[in-house]
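The values are calculated or read from the model by the stated rules, or taken from the named source; none is laboratory data. Here the structure is a predicted model, which is why all the values come from computation and not from measurement. Virtual Cβ from ideal backbone geometry, glycine too; neighbours counted across all protein chains shown.
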Amino acid sequence: MTITSEMRFNTGQLVITPTALETLTADDILTALGRHIRADWGDVTPADRDENNFSLREGFRILSVYRSAGGEKFWIITEADRSLTTVLLPSDY
């Protein structure tokens, strides 16, 4: 993949909850991760979009919201210290 030149931040270690792993396809996950690291926050509210943009600049936690090809909502959260990014379903939280 050539997305590294477009990365806006490091994700650290990537983890996926068991429920997300069972529910989402690899394509769902990889597509969303590509969007996440390029600062395309998906289906967040305008307030959350502003918060993510602020968090990107100031080093706080980032939350993106996406939908799988099958319509399942899922989240990607990168921790403030950029050591960990988690793919999860809202029910996992």
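Does region 37-66 hold any residues that are in contact (Cβ under 8 Å) with a residue 12 or more places away in the chain, of a type outside the set (A, V, I, L, M) and part of a loop (DSSP other than H, G, I, E, B), and which are they?
ARG38, ASP40, TRP41, ASP43, GLY59, PHE60, ARG61 - these are the residues of region 37-66 that are in contact (Cβ under 8 Å) with a residue 12 or more places away in the chain, of a type outside the set (A, V, I, L, M) and part of a loop (DSSP other than H, G, I, E, B).
So which residues in region 21-36 are assigned to a helix (DSSP H, G or I) and not aliphatic (A, V, I, L, M), if there are any at all?
GLU22, THR23, ASP27, ASP28, THR31, GLY34, ARG35, HIS36
Are there any pairs, at least 6 apart or on different chains, whose C-beta atoms fall under 9 Å, with the first in region 21-36 and buried (at least 16 other Cβ atoms within 10 Å of the Cβ) and the second modelled with pLDDT of 95 or more and part of a helix (DSSP H, G or I), and if so, which?
Close Cβ pairs (under 9 Å, with a partner that is modelled with pLDDT of 95 or more and part of a helix (DSSP H, G or I)) amount to LEU24/ALA32; ILE29/ALA20; ILE29/LEU21.
From the set of residues in region 7-20 that are under 14 Å from the mean Cα position of the chain (by Cα) and outside any loop (DSSP other than H, G, I, E, B), which is surrounded by the fewest Cβ atoms within 10 Å (Cβ to Cβ)?
The residue in question is GLN13.
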